[in-house]
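As structure tokens, the structure follows; a few thoughts come after it.
The values are calculated or read from the model by the stated rules, or taken from the named source; none is laboratory data. Note that the structure is predicted; figures quoted are calculated from it, not measured. So basically every Cβ, Gly included, is an ideal-geometry build from the backbone, and we count neighbours across all protein chains shown.
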Amino acid sequence: MRPRSLEEVAGQQHILAPGKLLRRAIESDRFASLIFYGPPGTGKTTLASVIARTTGSRFESLNGVESNVAEIRAKIDQARTWRDLRGETTILFIDEIHRFNKAQQDVLLPHIERGVVRFIGATTHNPYFHVNSPLVSRSQIFQLEPVPVDDVITVLERALADEERGLAGYHIHAAPEALRHLAEKSDGDVRKALSALELAALTTPAGDGDTRFLTLAVAEESIQRKAVVYDAHGDAHHDTISAFIKSIRGSDPDAALYWLAKMLHAGEDPRFISRRLVISASEDIGLADSNALRVTMDAHAAFEFIGMPEGRIPLAHATVYLATAPKSNTAYAALGQAMADVESGRTLAVPVHLRTNTRKKIAAASGESEAAMEYLYAHDFEGAYIPQAYLPEGRCYYHPGDQGMEKRIKDRLDHWRSLMSRESNAGPAD
């Protein structure tokens, strides 16, 4: 069922949609060397073979695990012969290119430079770290993403209907929930989903009318992962993430970990979970422990760096940290009050002494000296603080709590506000 044209390739629309750079380069046959990297089963080898077919090139392949320098040279000699005798271009595809050592990779360089072969490499590792810099600098790098669930389902349906290469001859009637389960549990790996579908087709006995029924139970056995009641866009999705965040807010790490495990097992997008953790760090922990925001951002970055399945570990780290941290929503609540005032009340003018461009004009118009409207630079005073109005009407939004580090903020702010109150009560005569 390997795709034979760009239209059959599942997913990767960020680089293959009409008008995208790689699509244009393939269709115009204007590319030299390419490196594809991404998780298994996302179409790296497939894309290389489709490019060869689309551009009318010979396709030769090697594997970084098995091949050696002699095999590389042999493929290059063949390519040179075909170019010189028949004028044909050869695409040399090397899977797992990161497994080649520096000497093996260096063998390719002069022949790529001379146009003997057009090189396409594939790797599950970031080429900027695992492929030699000279080879990377001569190649266009494209990252392939896990194939979306709906695209995987389309591939499975195509396999069931295909008489020539697929499973149409087995007369399979697949329940929609069974195909969705296979697609979700394959984690964006089309090869894994097709293998599970084939296993289900070959092991399910035919029923009435020679039809084989692929049910959810059969799909669970074929991919060895039980289905969890969880609709990615419906009530279960919203209820579970709600329970997750409320467990963190309620300082229950055990409950939070359970809901995290359920979401990960059910195929929830881990990036959605990490974004909600970042939000909770500011909404629920806030100034009681400002380090919580750093932890969640680091967990998000770590997940992006290592991916699944190990990416679940920093997500668990951040979850437990937030659930066991002191809690405060004062900054969030203060912003809500300020926004309510902005939306419902009149707009307050910027105090004259805080303005930059219009202070001189106001002084000239009013007859007052500009010095009387002077802004006091806080760093010029003891403790880097001087009582000075920054907001008309003396409005107060932020009321610090007494949890965690916010106790110290409360003490500091109470002191500053007492100085401001004393200055306001003293009046102009003092």
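Yes or no, residue by residue, for (1) of a type outside the set (Asp, Glu); (2) surrounded by fewer than 14 Cβ atoms within 10 Å (Cβ to Cβ):
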position	(1), (2)
Met1	yes, no
Glu7	no, yes
Gln13	yes, no
Leu16	yes, no
Arg30	yes, yes
Tyr37	yes, no
Ser49	yes, no
Matching residues, the range 299-327, being surrounded by 14 or more Cβ atoms within 10 Å (Cβ to Cβ) and without any contact (Cβ under 8 Å) to a residue 24 or more places away in the chain: Ala302, Pro314, His317
Sole exception among (1) under 23 Å from Ile241 (Cα atoms); (2) among the hydrophobic types (A, V, I, L, M, F, W, C); (3) in a helix (DSSP H, G or I) for Met308, by number: (3)
Identity of the residue in the range 95-115, in a loop (DSSP other than H, G, I, E, B) and within 19 Å of Ser67 (Cα to Cα), that ends up farthest from the chain's Cα centre (by Cα): Asn101
Residues that are in contact (Cβ under 8 Å) with a residue 24 or more places away in the chain, over 13 Å from Phe213 (Cα atoms) and either out of contact with any helix residue (DSSP H, G or I) (no Cβ under 7 Å at 6 or more places or on another chain) or part of a helix (DSSP H, G or I) (or both), drawn from the range 167-187: Arg180, His181, Leu182, Ala183, Glu184, Lys185, Asp187
Subset of the range 392-411 [assigned to a loop (DSSP other than H, G, I, E, B) and either over 40 Å from the mean Cα position of the chain (by Cα) or hydroxyl-bearing (Ser, Thr, Tyr) (or both)]: Arg395, Tyr397, Tyr398
Candidate set from the range 45-94 (those that are of a type in the set (S, T, N, Q) and assigned to a strand (DSSP E or B)); member that is nearest to Ile112 (Cα to Cα): Thr90
Qualifying residue in the range 131-140 (condition: at pLDDT 90 or above and among the basic types (Lys, Arg)): no
Hits in the range 2-37 - residues which are at positive phi and in contact with a helix residue (DSSP H, G or I) (Cβ under 8 Å, 6 or more places away or on another chain): Gly11, Gln12, Asp29
Candidate set: the range 17-50, residues that are among the small types (Gly, Ala, Ser) and under 12 Å from Ile141 (Cβ atoms); chosen: the one modelled with the lowest pLDDT: Gly38
Count of the range 172-194 residues which are surrounded by 15 or more Cβ atoms within 10 Å (Cβ to Cβ) and closer than 19 Å to Gly207 by Cβ: 5
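The rows are residues; the columns are (1) over 26 Å from the mean Cα position of the chain (by Cα); (2) of a type in the set (A, V, I, L, M, F, W, C); (3) in a helix (DSSP H, G or I).
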site	(1), (2), (3)
Met1	yes, yes, no
Gly11	no, no, no
His14	no, no, yes
Gly19	no, no, no
Arg23	no, no, yes
Phe31	yes, yes, no
Ile35	no, yes, no
Number of the condition not met by Leu354 [criteria: (1) surrounded by fewer than 15 Cβ atoms within 10 Å (Cβ to Cβ); (2) outside the structural domain of Glu406 (by TED's automatic domain parsing); (3) free of Cβ contacts under 8 Å to residues at least 40 places away in the same chain]: (2)
Residues (more than 21 Å from Asp77 (Cβ to Cβ), small (Gly, Ala, Ser) and either in contact with a Gly (Cβ under 8 Å, 6 or more places away or on another chain) or crowded, with 19+ Cβ neighbours inside 10 Å (or both)) located in the range 120-155: Ala122, Ser139
Of residues in the range 224-242 being surrounded by 14 or more Cβ atoms within 10 Å (Cβ to Cβ) and under 23 Å from the mean Cα position of the chain (by Cα), the one modelled with the highest pLDDT: Ile241
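Residue by residue, here is whether (1) over 22 Å from Ser57 (Cα atoms); (2) in contact (Cβ under 8 Å) with a residue 12 or more places away in the chain holds:
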{"site": "Ile76", "(1), (2)": "no, yes"}
{"site": "Asp84", "(1), (2)": "no, no"}
{"site": "Glu88", "(1), (2)": "no, yes"}
{"site": "Leu109", "(1), (2)": "no, yes"}
{"site": "Phe129", "(1), (2)": "yes, no"}
{"site": "Thr154", "(1), (2)": "yes, yes"}
Meets criteria (in contact (Cβ under 8 Å) with a residue 40 or more places away in the chain, more than 23 Å from Glu304 (Cα to Cα) and buried (at least 20 other Cβ atoms within 10 Å of the Cβ)) for Val117: yes
Close pairs from the range 387-399: first among the polar types (S, T, N, Q), partner exposed (fewer than 13 other Cβ atoms within 10 Å of the Cβ) and in a loop (DSSP other than H, G, I, E, B), Cβ under 6 Å, at least 6 apart: Gln388/Leu376
Sole exception among (1) within 29 Å of Pro309 (Cβ to Cβ); (2) in contact with a Leu (Cβ under 9 Å, 6 or more places away or on another chain) for Phe129, by number: (2)
Which numbered condition Ser247 misses (of (1) at pLDDT below 90; (2) in the same structural domain as Leu264 (by TED's automatic domain parsing)): (1)
